[in-house]
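Visitor: Here you go, one structure.
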Amino acid sequence: MRIDGTEATAEPRPGQCLRTYLREQGATAVKKGCDAGDCGACTVLLDGAPVQSCLVPAHRAADAEVVTAAGLGRFGPGGDPDADPEALHPVQRAFVEAAAFQCGFCTAGLVCTVAGTPPPVGELKGNLCRCTGYRSIRDALAGRVNTEVAEPGQAFGRAVVAPAAARVVSGREAYTLDEPAPPGLLHVAVLGSPHPHARIIRIDATAARRAPGVHLVLTHHDVPDTLYSTARHENRLDDPDDTRMLDPVLRFVGQRVAVAVAETPRQARAALALVDVEYETLPAVFDPEAARQPGAPLIHPGRTPDEHRVADASRNVVAQLHEEYAEPGHGGVDAALAASAATVEGTWTTDRVNHVALETHGARAWLSPGPSAGAEQPVLHVRTSTQVPFLVRDELARLLDLPEERVRVVAGRVGGGFGGKQELLVEDVVALAALRTGRPVQWELSREQQFTMVPCRHPMRIGVRAGADADGHLTALAIDVLADTGAYGNHAPGVLFHGVHESMAVYRAPNKRVDAESVYTNNVPSGAFRGYGLGQVQFAIEGAIDELAARLGIDPVEMRRRNVIRPGDPFVVGRPVDGDLEYGSYGLDQCLDLVEEALAREPSPVEPPPAVEPVETWLHGEWSVGTGVALAMIATIPPRGHFTHARVTVGADGDFVVDVGTAEFGNGTTTVHAQIAATELGVPVDRVRVRSSDTATAGYDTGAFGSAGSVVAGLAVQRAAQSLKTTLDSLSAGHLSGRTDAIAQIASTQLAGVWAEATHDGSPRSVAFNVHGFRVAVHRGTGEVRILRSVHAADAGVVINPEQLRGQIDGGVGQALGSAMTERMVVRDGVVVTRTLRHYRMPQLSDVPVTEVLFADTVDRLGPRGAKSMSEAPYNPVAPALANAIADATGVRPRDLPIQRDRLWELLGATSDR
Amino acid sequence: MDLDIDTVRTARTRADCVLRPGEVFLGGGTFLYSEPVPAGVTGLVDLTGMGWEPWSVDGSGLRVAGTCTLEELVSGPGALGTDTGGPYRALGIVGQCVAALTLSAKVARTATVGGNLALGLPAGSMVGLFAALSARAVVWTPDGGSREVAVSDLVTRAGVVELARGEVIREIRVTATVLRQRTAFRRVSLTTAGRTAAMVTGCRAGDGVALVLTASVPVPHVLLVRANDHDGLDRRLGWITGLGDGAWYEDTHGSREWRAAMTRRLAHEALDELGDV
């Protein structure tokens, strides 16, 4: 076989697929997204034609010519074999210029697919992207250029290219497991619980330990007994201590029972079959309402609020909030509703949703001599796909009883996160196994394990009671939230408290009440997911507000204008919020205006139309048309401290190096940090290199969550760069004062090693806003919904990189359309049924319309150069806007997500009459 | 994905097609390599080494080899099909039937007709295609002989086909008479390119129309109705519903009730299309 022009002679193993064969030969441009032919991340050209290499038997390709993304420029269609090895193919250049990737994990497969497909490329069935919402990919296919080159010092606010772009599109950027395998690498396989609730009576790993190639087998007898939470926060006390590395009690199907470590993944899997386990099954509960009733099986009995931070273990309640507030002169929610001109009462539900980051969880651990000379104890290195390297380091040190300086955690480029990688899920296993065996150890989760073993989005049931006077002013707003946190309480308190927070606070009502509980069940655990609870609760509240407007005959946008908070208003949830949340800026009014105006006019001519035939050819008969809007507010930074440190150094080559601890997982912070530093220093953006997410080279950073990368780490980068600029200016004052290119002139020869640093504690915090609007057509006979217009307005303060921000919004909308319309983890009696992507229905290109993205014109006084965060937020208003549009079209309000065709058809009471 | 097996044999002769203990046949492999192999499977016999001609047409009709890839099916017989007439008019629905699968062109390059049939999945569109064409499958038996079975009888329950261990789908045969007929295709799924939830294929035969229901039913149903007889079609559909709870198929790609209703819509549309011209 020839791989990118190089002969490979290794014999494939029986049953080996081409994907793993190629990676074993060093062709790590070939990614694993699903290993089942559904996602396309592993696409290569096989004798010139694109194939998903995970489905191709390697033995058949023995004499084939294979081209990966890394060789596309030289050996792809039209390529020049004599060109520079890093030469890009025209398709790859188009992806760079269109900014058609975010995390970039799918990109190597995408460019191979496009390059190998004769035009027209069509709808790219067979390539999934979770980050972009596909708009920028459409742009790349059309040859549109969305990026620009900024003058020195002018990068802030410009659509500059991501620094890693060329490496990402050619598959050269190293994700978690893309570095060459260290010699002696061992592999992990984990036995999952077959029962939703059981106790291990007896477990015998003797035979497994003797199996060929096996170096280690761990059961609950062999691991630290320390309680922890997989969720990671700045303050580890935010989450309940209810988890053990290996626990004799199993609380969900798929929970770790035993760990095998062997020389090959297959040997490790084979060893698991030899682990002899006797289970005592226990009664299980899957419905969160049943779980909190008397007599329900107790899932974590004996856990206490003080020691474990479990609110009420006797009712399976992990976290709860019950608050009511009436402004002076008001008599509370019940009295206000009784006196209201119109009221609405209803229940909304959201289902289990999977993050589907294209890169699965995975980590490698190894031991090496310490970084400081003379260190006697080896340092435990962990390279992992995480959003929070420092928080992982801290908890690993605690779990393994090691000093922090003996643990180094590094994240390479992370292939998508969406909150799912704000957890400690694989690192503990590889770390302990490396310590026990002295060998490097790797664990790469399968796509199936992503569905069955790791946390998903919290499903919620939300009751809303709302009332308004005849003018549409809210008199009362009350919610009753029940969240299913599954078998463990990771992120249960955070998601619950955040979920009810900005969603309630964004509306003014003199009487408010919040009842909220997050409840253990024997389902797969829930965890952090983009929006962190807000999307679920806002789906319900925005539906109720819409319904109230309809009852009063008030335009839905006007209804919101009359009731949203304005600068100066207190933030009230179930009581007034005291804390560090401020109106650093306010653009909600603009967002409402922008969406209202956009929905009223024809689509802008520069926007390509959605990929459906012209409306007039089909829109008749059983189709009904309607519009809907919804809004969302989000705090720009997580509460209670989000710490960061940035250092900017003049490198030996005269360029500038930014060391910052936050992680790049497609959120674009590396681009943003380079733009900020280059702007402060007055240099071209390509003279700044950002080194991120390494606990040994960067100062502490809480992590890449809560949309903190731009406004927390970014502010520290800005301050450090400002400080360095001042130093450099004074050092160079004698020769070059007043010249804007002073740094450019002298840095390389005289100033190498000069540095400055800065920190930020994530306080005070501002608020950001999003409004989404849809115009939809609903087919009453089939339940099909077609999106005719999609408009999104975002209040992100001063926009740092318009193309990148637009990409974040497109991606948030696309992901939200999935949870709104098609995505659902089906779980029956605790068993996840949807275990592959082909059964899960995350959006493909053909499922996502182009959204018109608009920005409010605001300047935030807290963020770097007036910017606000905008990463999670675009997700939140999409589902309610869609439901409101469907309600407007049909008169029937969907209250349950996802609004699948079959469910909507049933809701509409459609018949099959012809 | 990598399969935990020990041997792969590439079959070159009929004698190679005799399975040894633990072996199963490998067609294109696009399904086999997408899931862990079932317990007890230790080896594969790769049928693509047999070198069967992918397809051929002559005066007696169309033959499609079990190892014909879906891409070859579309670019070969599919390209012969027309909307307007001619000797291969019936093949006009081939492209739609392949597109009905969730797989992309990249996978169609490897996936085979025989593999799709042998899976026996309700949404396996080769069943709907060839059943509508009244095709018969030639099955090689392990004793060196062969037998024929109607494609519409191949699937016995969802995911189960009427093939004994060691039997291979050698080829599919469609008669020249059928190839001249008018055919129709309809499908629906929860998303535009998602797994098919209901599919109706149809073929005109004289005064009658054969409608084949797949995806919404666990096994294919062939409904023979007179052209334009919508009441007769409703009676047939009602008879299916009368079979009870399992009559309409349900999985995560659509509820039973919705699928039944969509099937009815699609079947009437197909009957309309195949009515008098």
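The values are calculated or read from the model by the stated rules, or taken from the named source; none is laboratory data. A quick note: this is a predicted structure, and the numbers were derived from the prediction, not measured. Methodologically, a virtual Cβ is constructed for each residue, glycine included, from the backbone with ideal geometry; neighbour enumeration extends over all protein chains shown. To get the accessible areas, we keep the full protein, side chains included, count just its heavy atoms, and leave off ligands, DNA and RNA. Shrake-Rupley method; radii C 1.70, N 1.55, O 1.52, S 1.80 Å.
Visitor: So who's got an amide H within less than 5 Å of the one on A:Val407, skipping anything under 5 residues away but keeping other chains? H placed 1.01 Å off N, in plane.
Guide: Under 5 Å from the amide H of A:Val407: A:Leu380.
Visitor: Please list, in order along the stretch A:399-411, the HN-Hα scalar couplings obtained from phi with the Karplus expression 6.51 cos²θ - 1.76 cosθ + 1.60 (θ = phi - 60°), rounded to whole Hz, x for Gly and Pro.
Guide: 5, 9, 6, 10, x, 4, 6, 9, 10, 10, 10, 10, 10
Visitor: Could I ask something else about it? Positive end of the charge dipole of the stretch A:284-365 (Lys, Arg +1 and Asp, Glu -1 on Cβ, about the Cα centre): tell me which of A:Ile299, A:Thr343, A:Ala319 has its Cα farthest that way.
Guide: After comparing all options, I get A:Ile299.
Visitor: Moving on. Roughly to the nearest percent, how much of the accessible area of chain B is carbon and sulfur, given a 1.4 Å probe?
Guide: C and S atoms contribute 51 percent here.
Visitor: Is the C-alpha gyration tensor of chain A telling us rounded, prolate or oblate? Criteria: a/c under 1.5 is rounded; beyond that, a/b larger than b/c is prolate, otherwise oblate.
Guide: Rounded shape, in that the Cα axes give a/c under 1.5.
Visitor: Run the numbers on the stretch B:1-43: which residues show a drop of 50 Å² or more in accessible area, chain on its own versus all protein chains together, using a 1.4 Å probe over heavy atoms?
Guide: The answer is B:Met1, B:Asp2, B:Asp4, B:Tyr33, B:Ser34 - residues whose exposure falls by at least 50 Å² when every protein chain is included.
Visitor: What whole number of Å gives the distance from the Cα centroid of the stretch A:1-23 to the Cα centroid of the stretch A:806-856?
Guide: Cα centroid to Cα centroid, the span is 34 Å.
Visitor: How large is the convex hull of the Cα atoms of the stretch A:203-259 per residue, expressed in Å³ as a whole number?
Guide: 110
Visitor: Also: If you place +1 on the Cβ of every Lys and Arg and -1 on the Cβ of every Asp and Glu, how big does the dipole about the Cα centre of the protein assembly as shown come out, in debye to the nearest 20?
Guide: So the dipole magnitude of the protein assembly as shown works out to roughly 1820 debye.
Visitor: In Å² (nearest 100), what accessible area is buried between A and B, both sides summed, heavy protein atoms only, 1.4 Å probe?
Guide: Separately minus together, A and B give about 4200 Å² buried.
Visitor: Between the stretch B:170-222 and the stretch A:564-590, what is the C-alpha centre distance in whole Å?
Guide: Taking the Cα centre of the stretch A:564-590 as reference, the centre of the stretch B:170-222 is 59 Å away.
Visitor: May I ask you to give the average projected area over all directions of the convex hull of the Cα atoms of the stretch B:7-49, in nm² rounded to one decimal?
Guide: 2.8
Visitor: Same structure again: Please sort A:266-272, A:831-837 by packing, taking for each peptide the average over its residues of neighbouring beta carbons within 10 angstrom, highest first.
Guide: Packing order, densest peptide first, comes out as A:266-272, A:831-837.
Visitor: Given a 1.4 angstrom probe, I'd like the percentage of the accessible area of chain A that is carbon and sulfur, rounded to a whole number.
Guide: It is 50 percent, rounded to a whole number.
Visitor: Might you report the magnitude of the Cβ-based charge dipole of the stretch B:181-273 about its Cα centre, with Lys and Arg at +1 and Asp and Glu at -1, to the nearest 20 debye?
Guide: Dipole size: approximately 200 debye.
Visitor: Residues with amide H under 5 Å of A:Glu664's amide H, sequence separation 5 or more or different chain, H placed in the peptide plane at 1.01 Å from N; which?
Guide: For A:Glu664, whose amide H was placed from the backbone, the distant partners under 5 Å are A:Val414.
Visitor: Provide the convex hull volume over Cα atoms per residue for the stretch A:1-104, in Å³.
Guide: Residue-normalised Cα hull volume stands at 98 Å³.
Visitor: Expressed as a whole number of Å, what is the distance separating the alpha-carbon centroids of the stretch A:305-333 and the stretch B:125-155?
Guide: Here the answer is 65 Å between Cα centres.
Visitor: Any idea which of A:Thr669, A:Thr697, A:Ser723 is furthest toward the positive side of the dipole for the stretch A:644-760, if Lys and Arg beta-carbons carry +1 and Asp and Glu beta-carbons -1?
Guide: A:Ser723
Visitor: For the stretch A:83-182, state which GluC sites (Glu not before Pro) are in a DSSP loop and have at most 10 other beta carbons lying within 10 Å of their beta carbon.
Guide: Passing sites in the stretch A:83-182 do not exist.
Visitor: In the stretch B:7-49, if the dipole is taken from +1 on Lys/Arg beta carbons and -1 on Asp/Glu beta carbons about the Cα centre, which of B:Leu19, B:Thr42, B:Leu32 is farthest to the positive end?
Guide: The residue sitting farthest along the positive end of the dipole is B:Leu19.
Visitor: Follow-up. Using the Cα centre as the reference, give the magnitude of the dipole from point charges on the C-beta atoms of the stretch A:498-655 (Lys, Arg: +1; Asp, Glu: -1; all else neutral), rounded to the nearest 20 debye.
Guide: That gives the stretch A:498-655 a dipole magnitude of about 780 debye.
Visitor: In addition: Which links in A:Lys31/A:Lys725; A:Lys32/A:Lys725; A:Lys725/A:Lys868; A:Lys421/A:Lys725 stretch past 32 Å when you go from one Cα to the other?
Guide: Long pairs (Cα-Cα over 32 Å): A:Lys31/A:Lys725; A:Lys32/A:Lys725; A:Lys421/A:Lys725.
Visitor: Can you give me the long-range amide H partners of B:Ala150? Hydrogens built in the peptide plane at 1.01 Å from N, cutoff under 5 Å, separation of 5 or more residues or another chain.
Guide: The list, which skips near neighbours in sequence, is B:Ala137.
Visitor: Calculate one ³J(HN,Hα) per residue across the stretch A:575-586 by plugging θ = phi - 60° into the Karplus curve 6.51 cos²θ - 1.76 cosθ + 1.60, and present them in order as whole Hz with x for glycine and proline.
Guide: Those phi angles translate into 7, x, 8, 9, x, 10, 8, 9, 8, x, 6, 8 Hz.
Visitor: Counting each DSSP H run of 4 or more residues in chain B as -39500 (n - 2.57), what helix-only mean residue ellipticity at 222 nm follows after dividing by all residues, to the nearest 500 deg cm²/dmol?
Guide: Calculated from helices alone, the mean residue ellipticity at 222 nm is -6000 deg cm²/dmol.
Visitor: Keeping all protein chains in place, calculate the accessible area per residue for the protein assembly as shown (probe 1.4 angstrom), answer in Å².
Guide: Dividing the accessible area of the protein assembly as shown by its residue count gives 34 Å².
Visitor: Using helices alone, what [θ] at 222 nm do you get for chain A, with -39,500 (n - 2.57) per DSSP H run of 4 or more residues, divided over all residues and rounded to the nearest 500?
Guide: Estimated from H runs of four or more residues: -7000 deg cm²/dmol.
Visitor: Subtracting the Cα-Cα distance from 0.36 nm times the residue separation, let me have the gained length for A:Ala49 to A:Arg601 in nm, one decimal.
Guide: Between A:Ala49 and A:Arg601, full extension yields an extra 194.3 nm.
Visitor: Next question. For the stretch A:98-190, which chymotrypsin sites (Phe, Trp or Tyr not before Pro) are in a loop by DSSP, counting at most 10 other Cβ atoms within 10 Å?
Guide: Counting only loop positions with at most 10 other Cβ atoms within 10 Å, none of the chymotrypsin sites (Phe, Trp or Tyr not before Pro) in the stretch A:98-190 qualifies.
Visitor: Step through the residues of the stretch A:235-246 one at a time and calculate ³J(HN,Hα) from phi using the Karplus curve (6.51 cos²θ - 1.76 cosθ + 1.60, θ = phi - 60°), rounding each to whole Hz and writing x for Gly and Pro.
Guide: Each residue's phi maps through the Karplus curve to give 9, 5, 7, 5, 10, x, 7, 9, 10, 10, 3, 9 Hz.
Visitor: Related question: Under the Kirkwood approximation for Rh and a Cα-based Rg, what ratio Rg/Rh is obtained for the stretch B:50-178?
Guide: Using only Cα positions, Rg/Rh for the stretch B:50-178 is 0.94.
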